[in-house]
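Comments concern the structure below.
The values are calculated or read from the model by the stated rules, or taken from the named source; none is laboratory data. If you're wondering where the values come from, they're calculated on a predicted model, not measured in any experiment. When we count neighbours, we look across all protein chains shown, and the Cβ atoms used for this are built from the backbone with ideal geometry, even at glycine. Keep in mind that these areas ignore ligands, DNA and RNA; they rest on the heavy atoms of the full protein, side chains included. Shrake-Rupley method; radii C 1.70, N 1.55, O 1.52, S 1.80 Å.
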Amino acid sequence: MKKQYHREITSKALGLFFHQQALDEIIVANLEQDALRYQVAHDHFHYDSNSFAAGDAYCKEQRHLTLTAVQDGRASEARQAFGRLTHTVQDLYAHSNYVALWREENPGILPDGIDPESAFVLQNARLHSGKLYYPLEALSFIPVLNSFMLPLLPKDSHAWMNLDDPGRPGFDFALAAAIKRTRSEYEQLAGHFSKQEVSVLTGK
Ligand SMILES: [Zn+2]
């Protein structure tokens, strides 16, 4: 996902529950995951290159860090871990064929109807995510070069598969799934907390 959409998804999913300052900390940590140093050898941050097992393990680790930091009253650490978690779960829908598989199983249903945790999709042998074919892939990130690079890249590349912005077909489904999943991650974590602990995380 492009930065502005990570920001939009996170705000729409969590805005109701969080104080603005806490939400801003989460968004900063979310966006930091796309820093240049995390674009190479960090596929699991973005569910790139079929890193489903590593991506899931990373999410589990960030949930655990969020939980323990909240329980110890370390609000900023909790928000940073939760922000990292939101980035990775949001990228699942933009970087894989999750949306295509879900639409195949649920034809005619509008974006808001998407189930972000469909067992049919998550356990599907055809679920795969875009591979990063460097160096050509890096050039495809430059808008004016994208149309020249696409024909040179395989169909299972990130360049062909991504739903990172509204120019890509199915983007609205990826956006809706990411919003629902982000909210669900919060609700599941909050289910483990006392009222006081919830406010450590949310600042409310
Ligand atoms: Zn990313």
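Within the bounds of segment 147-161, is there any residue that is under 17 Å from His6 (Cβ atoms), in a helix (DSSP H, G or I), modelled with pLDDT of 95 or more and within 16 Å of the ligand (Cβ to nearest atom)? Within segment 147-161, not a single residue is under 17 Å from His6 (Cβ atoms), in a helix (DSSP H, G or I), modelled with pLDDT of 95 or more and within 16 Å of the ligand (Cβ to nearest atom). Within segment 12-46, the residues that satisfy the criterion of being of a type in the set (Phe, Trp, Tyr) and either open to solvent by 30 Å² or more (accessible area, probe 1.4 Å) or within 12 Å of the ligand (Cβ to nearest atom) (or both) are Phe17, Tyr38, Phe45.
The residue of segment 94-119 that is nearest to the ligand (Cβ to nearest atom), among those that are touching a Leu at 6+ places or on another chain (Cβ under 7 Å) and among the hydroxyl-bearing types (Ser, Thr, Tyr), is Ser96.
Taking the criterion of being among the acidic types (Asp, Glu) and closer than 21 Å to Asn97 by Cα, the residues of segment 1-59 that qualify are Asp34, Asp43, Asp48, Asp56. Annotation: Thr66 fulfils all but one of (1) polar (S, T, N, Q); (2) within 17 Å of Ala177 (Cβ to Cβ); (3) out of contact with any strand residue (DSSP E or B) (no Cβ under 9 Å at 6 or more places or on another chain); the unmet one is (2). Contact map, segment 40-63: first residue free of Cβ contacts under 8 Å to residues at least 12 places away in the same chain, second residue surrounded by 16 or more Cβ atoms within 10 Å (Cβ to Cβ) and among the hydrophobic types (A, V, I, L, M, F, W, C), Cβ cut-off under 8 Å, separation 6 or more or different chains; the map is empty.
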